[in-house]
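The next block holds one structure in the form of structure tokens; read it before the comments.
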Amino acid sequence: MSARSEGSELLEIADKVIAQATAGEQVEAYVSRDSETAVRVYEGNVEHFVSAQSEGIGIRVIRDGRTGFAYAGTLDQDAVASALAEARDNVAFGTPDEWAGLAEPDGVDIVDQDLWSDELAAFATDRKIELAKELERLTLTADSRVRVDDANYEDVASETAVATTTGIRRSGRENGCYVVVSTLADDGDEAHSGFGFSVGRSPDLFDLHKAARDAADRATRLLGATKPTSRRLTVVLDPYVTASFLSIIGGTLNGESLAKGRSLFKDRLGDEVASPLVTLVDDPTNPLAYTATDIDGEGLAARRNSLIEGGVLRSFVHNSYSARRAGTRSTGNAVRGGFKGTPGVGCLALQLAPGTRDQAALIADVSDGVLVQSVQGLHSGVNPVSGDFSVGASGLLIANGQLGGPVREFTIASTLQRMLLDVVEVGGDVDWLPMRAAGVSLAIRDLTMSGA
Amino acid sequence: MIDQDVLERVLTAAVRTGAEFAEVYAEDKRSTSASLDDGRIEQVTSGRDRGAGIRVVRGETTGFAHTADLSERGLLVAATAAAAAASRGGGGVREIALDRQADHRVGSVERYPDDVPKATKVDVLRRIDDAARGAGGSIVQVSAGYGDSRKRILVANTEGVMATDEQVRAVVRMSVVASGDAGMQTGFQSMGRTTGFEMFDEFSVEDLARDAARQALTKLSARPAPSGALPVVIKHGTGGVLFHEACGHGLEADLVSKGGSVYKGKQGQLVAAPLVTLVDDGTMAGEWGAIGIDDEGHISQYNVLIEDGVLTDYMWDYLRARKEGRKQSGNGRRQSYMHLPMVRMTNTYVLNGTEEPDDIVRATDYGVYVAKLGGGSVNTASGDFVFGMTEAYLIENGEITEPLRESNLMGNGPQVLRDIDLLGNDFAMGNPGTCGKDGQGVPVGDGQPTLRVKSLTIGGTAA
């Protein structure tokens, strides 16, 4: 969110709610309004055009260490009033918790970021449709074996405001857009799907050619793939796959899991938990990050946090609740999925410090391995408490430093703890993706591949 | 929720620019949820969602807009926006006359969640916590969630349909962590029904909690799962999700029509072992995926998808059925008034076979017994899927022996259907699920008898 004066109408609504707080009561009001356009094109025609607005308020009330919450999917006065009444009523059922409480201003300055594009806000509807159509055309010409499932343009603009009786008062707005195309390729026997996308604060930042090429490559590269034989080998992860794993690793450094005894890195601060090549930061103030933001879900300044430095565990991420429980300060990592819930804890924009060599150089060092281009079942296949993981994968075999044939329907397995220690090299090919983590090629030794 | 004459005027406005079809979907939902973690009731949440989505179809193009304002003025603004999105010029006035359908309900509700004190709901969570912690000193953490909702929906369209439904649901979920010498392990349980609070009279939350604790404790001494292809026996009521993901999605007409399904053009063909009959059934009273009407106003149905191994039909929503000139099948669903409907499953299950479940294990020399399958995902184009095994055991010489650590199960949907070689007679429905498609989640159920698949890839770390 851009912490400027926009969104002041929402801030007024939030102010009115917190002004009703009674003695001994903490109140937080989080108000948001989003508008969204979604265009889907199929075979040169608009399949659907969605133009939608939504707004709502979430109200948190804390009294005597007990928390109650209610939301309303409208800013209608009566609905806001009954949400406040419900939140108050819900307070009675919470267990008193000595650490319960709202965030308080912590003196950390906001890193001002440019999160709003006037150009996007004024972007004409016809041009949105044209972009989706052009993406479909480009994808179809990229490879004759490829069909397009759908080509999409989407944009979203959101305004938010958060105010608390503890002195937080912030509002702002941001917008962004992306195009994405889904593809299919088949050779009669088997079919594979692919996708390609491009994101930006404004449409002139799109690279439609790259999106089209990626979508065609992803669908066609597995044609004729075989099932590999089971063995232990070195794995090179494509940047997109690395980003998915980083999100999972970020989850294990969650201060709330830590407080509740659920983190596999419990009592490990200061220990060597990864190869010395691994330096992991969470930095939402980096403007290159897709999820860059200036405030977190509680209205505190977003900031750069170093989590693992040279393989040594340096920090967990916290919101104000988990920080209070752990006897530390919030790291500005409150995350909130809109007005319907209370803030949790999460990483905002993870990045692995890059190495210097490209993916081809990483591959050249591998005698027996596999380049993993996509994984499946990451969320069901990784247990963030035990660290065990086993995920479905597909990609290309590597033999004596050379890429070989495509393989699919196999799993790779290890534990997160082992995997971090077994990192052989981090690539230099950083890719900023529409996720809470940036991609980079990563080589890891000694994973178990299960296939035929 | 909205008067009939208002709906008629809004629909008339929606097709004024020449669209062939318009629809108003309105929803009013009240929900309560509560969470317990680390021995504390963290908070009780109350929610209210209310609004309408208006869809206008002209040719191949659908325009859609939604609003939280259910007044006639608010609805007309949304109707105009949806109509503008679907068309450019042309038109005329079409009078719309709605035919109000008699209410169609699947099952009945005895205790509406609004009539149950919040303290009683919260107490369910405490009972779970107590029962799980009572299962042994190695239990170090329990978290649990309770949720209920009462959703009234109204659908009216330019074909004269006007239908309403009330969907009442309640659910509990719990996760238990046990700690041992070799680290931590987790166990899960859940139960959800499309009924009122009376569901808590039908089963014991203490039993569910103890079962979740037992899973976590059992896994403390688990050995690494094998890696490679093995026969797999899946316990009744836990593998339905596999058929939902790996087969059901490929039978959704929207995926089929774009060629994104391995089942395109396979109607009338043998696509599964002749033992297998697969059904999608929105009428199964009380089950998590049960609906009176779908979100396009069509009364829910019992649809046979695969009969004795032969593909009989796909699942249909209004748009896809209209295109093919056939009837829809009650599978047009959406997450909320903010979403467009599409083809979705309801309760998807495999019918009983004839084998005794014990005999299926006895007939297996060496393999894996899956007592609880976790979440998964599928590539609908290739049919390749991955599922977590959250509770699994080795089968040696026809007996279930040691517990296995968590790992993934991987295979190919069409191949699994052909590779089912033993099918039990002990059908059971599984845990409540949320099916995600194109960014929308809807409640779904699944089920199956104990069965054996000749060969699946186990993604363990043991040689």
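Rundown of residues vs (1) among the basic types (Lys, Arg); (2) under 21 Å from B:Glu166 (Cβ atoms); (3) buried (at least 23 other Cβ atoms within 10 Å of the Cβ); (4) in contact (Cβ under 8 Å) with a residue 12 or more places away in the chain, yes/no style:
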| site | (1), (2), (3), (4) |
| --- | --- |
| B:Ile234 | no, no, yes, yes |
| B:Gly239 | no, no, yes, yes |
| B:His249 | no, no, yes, yes |
| B:Ala285 | no, yes, no, yes |
| B:Ala290 | no, yes, yes, yes |
| B:Ile293 | no, yes, yes, yes |
| B:Glu296 | no, yes, yes, yes |
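Among residues of the range A:333-345 that are on the phi > 0 side of the Ramachandran plot, those with a beta-carbon under 8 Å from a residue that is buried (at least 20 other Cβ atoms within 10 Å of the Cβ) and not aromatic (Phe, Trp, Tyr) at least six positions away or on a different chain give the pairs A:Gly338/A:Ser32; A:Gly338/A:Gly56; A:Gly338/A:Gly58. Selection of first residues in the range B:101-129 that are more than 14 Å from every other protein chain (Cβ to nearest Cβ) and of a type in the set (Lys, Arg) and of second residues that are surrounded by 15 or more Cβ atoms within 10 Å (Cβ to Cβ) and not in a helix (DSSP H, G or I), restricted to Cβ pairs under 8 Å at least 6 apart or on distinct chains, gives the following pairs, ordered by first then second residue: B:Arg105/B:Asp165; B:Arg105/B:Gly292; B:Arg111/B:Gly196; B:Arg111/B:Phe197; B:Arg111/B:Glu198. Across the range B:146-186, the number of residues qualifying as within 14 Å of chain A (Cβ to nearest Cβ) and among the β-branched types (Val, Ile, Thr) comes to 3. Scanning the range A:312-327 for residues that are farther than 12 Å from A:Val345 by Cβ, part of a loop (DSSP other than H, G, I, E, B) and either modelled with pLDDT of 95 or more or not assigned by TED's automatic domain parsing to the domain that holds A:Asp267 (or both) gives A:Arg314, A:Ser315. Sort out which residues of the range A:47-72 are surrounded by 22 or more Cβ atoms within 10 Å (Cβ to Cβ), modelled with pLDDT of 95 or more and not hydrophobic (A, V, I, L, M, F, W, C), and write them in order of number. Correct list: A:Gly56, A:Gly58, A:Arg60, A:Thr67, A:Gly68, A:Tyr71.
Scanning the range B:63-82 for residues that are within 11 Å of another protein chain (Cβ to nearest Cβ) and among the hydrophobic types (A, V, I, L, M, F, W, C) yields B:Phe64, B:Ala65, B:Ala68, B:Leu70, B:Val77, B:Ala78, B:Ala81, B:Ala82. A:Leu131 satisfies every condition listed in (1) out of contact with any Leu (no Cβ under 8 Å at 6 or more places or on another chain); (2) farther than 23 Å from B:Ser261 by Cα except (1).
Taking every residue in the range A:124-151 that is closer than 26 Å to A:Glu190 by Cβ and pairing it with any residue that is among the basic types (Lys, Arg) and surrounded by 14 or more Cβ atoms within 10 Å (Cβ to Cβ), at least 6 positions away or on another chain, the pairs with Cβ-Cβ distances below 6 Å are A:Ala142/A:Arg213; A:Asp149/B:Lys258; A:Asp150/A:Arg40. Among (1) within 20 Å of B:Gly47 (Cα to Cα); (2) at pLDDT below 95, there is one condition A:Glu36 misses while meeting the rest; what is its number? Evaluating A:Glu36 over (1) within 20 Å of B:Gly47 (Cα to Cα); (2) at pLDDT below 95 leaves (1) as the failure. With respect to the conditions (1) at pLDDT 95 or above; (2) within 14 Å of chain B (Cβ to nearest Cβ), A:Gly387 falls short on a single one, namely (1). If we keep just the residues of the range A:323-353 that are of a type in the set (Gly, Ala, Ser) and away from chain B (no Cβ under 14 Å), which is nearest to A:Ala438 (Cα to Cα)? Per the criteria, the residue is A:Ala349. For the range B:344-386, filtering for residues that are in a loop (DSSP other than H, G, I, E, B), among the polar types (S, T, N, Q) and in contact (Cβ under 8 Å) with a residue 24 or more places away in the chain leaves 6.
Considering A:Ser386, A:Ser414, which residue is out of contact with any Lys or Arg (no Cβ under 9 Å at 6 or more places or on another chain) and either crowded, with 18+ Cβ neighbours inside 10 Å or basic (Lys, Arg) (or both)? Even if it seems obvious, please write down each step before you answer.
On the way: A:Ser386 fails: out of contact with any Lys or Arg (no Cβ under 9 Å at 6 or more places or on another chain).
Selected residue: A:Ser414, the only one of A:Ser386, A:Ser414 that is out of contact with any Lys or Arg (no Cβ under 9 Å at 6 or more places or on another chain) and either crowded, with 18+ Cβ neighbours inside 10 Å or basic (Lys, Arg) (or both).
Among the residues of the range A:198-229, those that are small (Gly, Ala, Ser), buried (at least 22 other Cβ atoms within 10 Å of the Cβ) and at pLDDT below 95 comprise A:Ser198, A:Ala219. Against the conditions (1) closer than 30 Å to A:Pro284 by Cα; (2) part of a helix (DSSP H, G or I), A:Thr139 satisfies every one except (1). Exactly one residue among A:Gly401, A:Gly427, A:Gly451 is within 16 Å of A:Thr234 (Cα to Cα), within 14 Å of another protein chain (Cβ to nearest Cβ) and not hydrophobic (A, V, I, L, M, F, W, C), and that residue is A:Gly451. Taken across the range B:154-166, residues that are touching a residue at least 24 places away in the same chain (Cβ under 8 Å), under 26 Å from B:Asp211 (Cβ atoms) and surrounded by fewer than 18 Cβ atoms within 10 Å (Cβ to Cβ) do not occur at all. Of the listed requirements (1) outside the structural domain of A:Tyr290 (by TED's automatic domain parsing); (2) closer than 30 Å to A:Ser35 by Cβ, A:Tyr240 misses just one: (1).
Only residues that are among the charged types (D, E, K, R) and not in a loop (DSSP other than H, G, I, E, B) were counted in the range A:334-389, giving 2. Given the criteria touching a strand residue (DSSP E or B) at 6+ places or on another chain (Cβ under 8 Å), within 14 Å of chain B (Cβ to nearest Cβ) and in contact (Cβ under 8 Å) with a residue 12 or more places away in the chain, does A:Lys260 qualify? Spelling it out, it is not the case that A:Lys260 is touching a strand residue (DSSP E or B) at 6+ places or on another chain (Cβ under 8 Å), within 14 Å of chain B (Cβ to nearest Cβ) and in contact (Cβ under 8 Å) with a residue 12 or more places away in the chain. Residues that are assigned to a strand (DSSP E or B) and either facing chain A (nearest Cβ under 7 Å) or touching a Pro at 6+ places or on another chain (Cβ under 9 Å) (or both) occur in the range B:15-29; there is at least one.
Residues in the range B:417-463 that are of a type in the set (Ser, Thr, Tyr), touching a Lys or Arg at 6+ places or on another chain (Cβ under 6 Å) and under 27 Å from A:Phe195 (Cβ atoms): 0 in all. Looking only at residues of the range B:312-359 that are polar (S, T, N, Q) and farther than 18 Å from B:Asp281 by Cα, we find that the one that is nearest to the chain's Cα centre (by Cα) is B:Gln335.
With respect to the conditions (1) farther than 16 Å from B:Leu36 by Cβ; (2) more than 14 Å from chain A (Cβ to nearest Cβ); (3) not aliphatic (A, V, I, L, M), B:Gln189 lacks only one, and its number is (1). Among the candidates B:Ala119, B:Ala85, B:Ala65, B:Ala131, the residue that is out of contact with any Asp or Glu (no Cβ under 7 Å at 6 or more places or on another chain), surrounded by 20 or more Cβ atoms within 10 Å (Cβ to Cβ), among the hydrophobic types (A, V, I, L, M, F, W, C) and part of a helix (DSSP H, G or I) is uniquely B:Ala85. Residue check: is A:Arg232 within 14 Å of another protein chain (Cβ to nearest Cβ), assigned to a strand (DSSP E or B) and basic (Lys, Arg)? It is true that A:Arg232 is within 14 Å of another protein chain (Cβ to nearest Cβ), assigned to a strand (DSSP E or B) and basic (Lys, Arg).
The values are calculated or read from the model by the stated rules, or taken from the named source; none is laboratory data. In this text the structure is predicted, and so the values were computed from the model without any measurement. All Cβ positions, glycine included, derive from the backbone under ideal geometry; neighbour counts span all protein chains shown.
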